1. I'd like to know if the stretch 140-161 contains one or more residues that are more than 14 Å from the ligand (Cβ to nearest atom), of a type outside the set (Lys, Arg) and touching a Gly at 6+ places or on another chain (Cβ under 7 Å).
2. Taking the stated definitions as given, is SER207 within 16 Å of the ligand (Cβ to nearest atom), under 17 Å from the mean Cα position of the chain (by Cα) and surrounded by 19 or more Cβ atoms within 10 Å (Cβ to Cβ)?
3. For LEU184, all conditions in the list (1) within 15 Å of the ligand (Cβ to nearest atom); (2) farther than 26 Å from GLN95 by Cβ; (3) touching a helix residue (DSSP H, G or I) at 6+ places or on another chain (Cβ under 6 Å) hold save one; what is the number of the exception?
4. Residue pairs, Cβ under 7 Å, 6 or more apart or interchain, first in the stretch 37-56 and more than 12 Å from LYS69 (Cα to Cα), second assigned to a loop (DSSP other than H, G, I, E, B) and small (Gly, Ala, Ser). List them.
5. So, in the stretch 103-136, how many residues would count as being among the hydrophobic types (A, V, I, L, M, F, W, C), in a loop (DSSP other than H, G, I, E, B) and surrounded by 18 or more Cβ atoms within 10 Å (Cβ to Cβ)?
6. Return the residues of the stretch 60-78 that are within 21 Å of SER106 (Cβ to Cβ) and either surrounded by 16 or more Cβ atoms within 10 Å (Cβ to Cβ) or under 15 Å from the mean Cα position of the chain (by Cα) (or both); say none if nothing qualifies.
7. In the stretch 25-40, what count of residues is obtained for those that are near the ligand (Cβ under 9 Å from one of its atoms) and in a loop (DSSP other than H, G, I, E, B)?
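The values are calculated or read from the model by the stated rules, or taken from the named source; none is laboratory data. Given the structure is predicted, the values throughout are model-derived calculations rather than measurements. In this analysis, Cβ positions are derived from the backbone assuming ideal geometry, glycine residues included, and neighbour counts consider all displayed protein chains.
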Amino acid sequence: MQREMIFFAVRFFTMSISANIQQLRGVLPTKVTLVAVSKTHPIERIQEAYDAGQRVFGENKVQEWLDKKDQLPSDIQWHLIGHLQSNKVKYVVGQVALIHSVDRWSVLEALQLQAAKLDVHQAILLQVFIAQEETKFGWDEGELERVFSRFENHEFSHLNICGFMGMATNTDDTAIVRAEFRRLNKLFHKWRERWPGLDILSMGMSSDWQLAVDEGSNMIRVGSSIFGSR
Ligand SMILES: *Cc1c(COP(=O)(O)O)cnc(C)c1O
């Protein structure tokens, strides 16, 4: 009995990256995009995920991403998911497929300046504050109103708002997490009536993506369930 348990444990912890991806794909509805969050993991492991067919990857630090990206296939769609500093904006505009973490005015303005300078359109998500923790970044509902007004006023002509991103409170209480995702989904549908370009609702990570998908997410950001713990 004990030996079987050890075998099971060894098998579980040595599940390959490709097996983890296949398993996730097997259960995810097809409309849900899987962003493989590769932060802190070396290029060999990212390549392994790529070889398993994964093409969308998320990194949270600009410098780390710059160090890795040139050593990896050029058809990877990179998503920036981490808090972005205005002075790093010049490295990412026109280079990443999507920025999930646009969470304040200074970043919006810096992104617009750089995108206009390069004459590109940068796809972004607005990070919306839904958690109970003060540590999570994002816009609140009143601020969203002002963001969209300024977009309607054509002040951010080179940015495409494609949707919302949110992070739930880090808690085992699934009722809290579910309620936060549900609230974001409601906001998403409300704003979509006014701004039809909103297509992406990025919510859910390794610990809570099932709840997020249940509550309407169509893009999940999964790191440790694919690559193991950091
Ligand atoms: C690290 C990170 C994730 C992935 O977290 P896991 O728990 O490893 O799945 C998702 N979203 C953001 C913004 C992150 O920084």
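1. Step one: list which residues in the stretch 140-161 are more than 14 Å from the ligand (Cβ to nearest atom), which gives 140-161.
Still in the running and of a type outside the set (Lys, Arg): 140-145, 147-149, 151-161.
Imposing the further condition that a residue be touching a Gly at 6+ places or on another chain (Cβ under 7 Å) reduces the set to 160-161.
Yes, that holds for at least one residue.
2. Working: within 16 Å of the ligand (Cβ to nearest atom): yes; under 17 Å from the mean Cα position of the chain (by Cα): yes; surrounded by 19 or more Cβ atoms within 10 Å (Cβ to Cβ): no.
No; evaluated as a whole, the condition is false for this residue.
3. (3)
4. VAL37/GLY223
5. In the first step, residues of the stretch 103-136 are kept if they are among the hydrophobic types (A, V, I, L, M, F, W, C); the result is 105, 107-108, 110-111, 113, 115-116, 118, 120, 123-126, 128-131.
After this cut, where a residue has to be in a loop (DSSP other than H, G, I, E, B) as well, the list is 120, 129-131.
Add one more test, that the residue is surrounded by 18 or more Cβ atoms within 10 Å (Cβ to Cβ), and what stays is 129-131.
Here the count works out to 3.
6. Residues satisfying the conditions are ASN60, LYS61, VAL62, TRP65.
7. Taking the stretch 25-40 first, the residues near the ligand (Cβ under 9 Å from one of its atoms) are 35, 37, 39-40.
Remaining after also requiring in a loop (DSSP other than H, G, I, E, B): 39-40.
Summing the residues that are near the ligand (Cβ under 9 Å from one of its atoms) and in a loop (DSSP other than H, G, I, E, B) in the stretch 25-40 gives 2.
This table checks each residue for (1) at pLDDT 95 or above; (2) farther than 27 Å from GLY228 by Cβ; (3) assigned to a loop (DSSP other than H, G, I, E, B); (4) among the polar types (S, T, N, Q).
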| site | (1), (2), (3), (4) |
| --- | --- |
| HIS154 | yes, yes, yes, no |
| SER157 | yes, yes, yes, yes |
| GLY163 | yes, yes, no, no |
| VAL177 | yes, no, no, no |
| GLU180 | yes, no, no, no |
| LYS186 | yes, yes, no, no |
